[in-house]
1. Scan region A:61-83 for residues that are modelled with pLDDT of 95 or more and within 20 Å of the chain's Cα centre (by Cα) and jot them down.
2. Of the residues A:269, A:296, which single one is buried (at least 17 other Cβ atoms within 10 Å of the Cβ), modelled with pLDDT under 95 and either under 28 Å from residue A:99 (Cβ atoms) or under 25 Å from the mean Cα position of the chain (by Cα) (or both)?
3. Could you list all residues from region A:247-259 that are crowded, with 19+ Cβ neighbours inside 10 Å and either facing another protein chain (nearest Cβ under 7 Å) or free of Cβ contacts under 8 Å to residues at least 24 places away in the same chain (or both)?
4. If we only count helices (runs of 4 or more DSSP H) wholly inside region B:125-225, which ones have 1 or more residues that are over 21 Å from residue B:62 (Cβ atoms) and touching a helix residue (DSSP H, G or I) at 6+ places or on another chain (Cβ under 8 Å)?
5. Could you please let me know if residue A:8 is within 14 Å of another protein chain (Cβ to nearest Cβ) and within 19 Å of residue A:122 (Cα to Cα)?
6. Would you confirm whether or not region B:173-194 contains a residue that is modelled with pLDDT of 95 or more, more than 22 Å from the chain's Cα centre (by Cα), closer than 30 Å to residue A:281 by Cα and buried (at least 20 other Cβ atoms within 10 Å of the Cβ)?
7. Given the residues B:39, B:100, which is the only one that is within 14 Å of residue B:11 (Cα to Cα) and without any contact (Cβ under 8 Å) to a residue 12 or more places away in the chain?
8. Would region B:2-9 turn up any residue that is in the same structural domain as residue B:78 (by TED's automatic domain parsing), modelled with pLDDT of 95 or more and surrounded by fewer than 17 Cβ atoms within 10 Å (Cβ to Cβ)?
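The values are calculated or read from the model by the stated rules, or taken from the named source; none is laboratory data. As the structure is a computational prediction, the values presented were derived from the model and not from experiment. Ideal geometry is used to build each Cβ from the backbone, glycine not excepted, and the neighbour counts take in all protein chains shown.
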């Protein structure tokens with residue numbers, strides 16, 4: 001696979017096993033698409049599906065995926081703890097390899113258009129695909145949820161990007177491109193939560209730090225230490241090593257060492273290779289020098 | 001592909017294009033085997049082929065590969081600058097992913113046995129597969145070349161591991177497992193070759209340095225600087241970051257900074273991920289958290 005894109009659709013069904021399986025079945029065994037994971041939460045009554053694939057193949061698979069959800073999920077009968085506005089609630093596209101954000105945005109629009117033409121499923125474009133700043137944030141779009149959405153889409157601010165009204169049983173979907181999110185935590189050699197909070201405040205965007213870092217201090221009770229718990233919302237612009245070195249520097253101001261770090265879940269190879277090549281000061285290293293890159297097709 | 005092994009057979013033919021193609025054809029389009037590269041040198045009259053694949057599939061492809069070489073290459077008519085003793089001169093197996101050295105050794109023995117049974121092609125086991133210390137080194141085994149080999153294999157020290165005499169037209173092959181070799185160079189902010197030589201001497205195995213490092217000082221005339229040019233012969237035991245940090249330390253003793261480094265050619269992902277996780281001090285990071293690892297099958 002030359003171009004790779006990840007997609008993590010969330011569906012508003014986490015209890016009826018057979019329904020989840022029938023929807024997930026639409027993306028199994030498709031050329032150019034790989035189902036990496038799916039997991040359901042009964043309390044949330046929601047399932048998160050992780051797919052990776054070539055852009056075009058992925059889009060086509062998602063058309064079938066949404067078509068099955070239109071048939072099988074009726075939000076008028078849905079309840080669960082997690083806020084939701086659509087049978088397929090959100091469809092984020094995340095560039096992984098040789099795909100620009102612009103291409104991912106284009107893909108999100110093509111999918112949104114097809115879904116409206118084929119099923120009369122309306123959508124909001126969000127994140128990098130959003131048509132205006134106030135429509136970027138998913139929580140803002142979803143506020144009022146399915147029950148309030150028929151009225152909300154009639155306001156000027158929240159007209160759907162595709163369609164006009166919500167679909168009676170399906171609702172509305174948010175579709176958009178966003179960077180890969182890396183969950184990265186750094187453990188400090190102290191039990192003083194104040195220090196973790198000060199360091200978090202120093203490095204996160206909202207309080208004056210790095211542009212693509214969210215973060216806060218957390219106690220690790222069992223280990224008697226504290227942690228700066230972070231989300232890196234665009235590692236291509238705010239790379240992991242820069243965050244790590246800045247946290248180390250800020251912690252040192254309090255005489256505190258970094259004892260370790262954690263990378264949670266899956267991460268793109270490039271996010272770590274970037275760290276290796278930065279620390280090793282390599283000149284002209286190209287990702288396709290990685291042997292395993294030659295094997296993906 | 002869960003298990004991955006690399007194989008870089010060298011054949012004693014680099015001039016007759018059609019012969020090279022017919023031999024390389026035996027490994028094309030095989031399930032579980034990928035031809036990464038092959039390049040011929042007319043002066044050496046030799047071709048180096050780079051394959052990666054699943055152990056069993058790779059072994060089976062190599063049986064066909066050697067079979068074709070038996071038919072098409074006659075060393076009695078071969079001349080070239082590069083020393084050689086067999087039509088397929090050497091077959092190294094290099095573990096890449098989820099394969100131990102012991103498994104690669106086993107694979108080399110299975111292949112050697114099959115080649116003898118099927119074609120009466122004899123072989124020496126070398127490197128990690130060698131049956132004695134004096135038989136580990138390829139240059140030692142190959143000394144005397146094809147022309148002297150009929151006598152050499154009659155000596156006690158150099159009896160073949162499989163077979164007794166050389167094959168009249170094919171000669172004899174060296175087969176063995178060895179670690180991946182990383183070519184890694186570090187550039188110093190000085191034009192003093194003596195400093196590069198002293199640093200090389202400090203870090204390389206032969207003169208008291210790290211176990212799996214070979215190295216020497218080299219001038220980069222066009223840039224007016226010098227380089228510590230190295231081969232890391234087992235990055236799983238002497239990792240890249242340790243070499244880099246030691247070179248930095250030794251160069252600093254002369255007041256010289258490291259200006260950059262070069263990783264030459266292909267490298268396994270693990271060799272760089274190890275660097276990232278060392279510098280980032282990650283706890284419990286697993287290679288299969290790398291998204292792209294999920295896509296290789």
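1. Scanning region A:61-83 gives A:61, A:62, A:63, A:65, A:66.
2. Every option except A:269 fails the conditions.
3. A:258
4. Details: elements: B:138-142, B:145-152, B:193-203.
Answer list for region B:125-225: B:138-142, B:193-203.
5. The answer is yes for residue A:8.
6. yes
7. None of the others qualify; the one that does is B:39.
8. So far as region B:2-9 goes, no, none of its residues is in the same structural domain as residue B:78 (by TED's automatic domain parsing), modelled with pLDDT of 95 or more and surrounded by fewer than 17 Cβ atoms within 10 Å (Cβ to Cβ).
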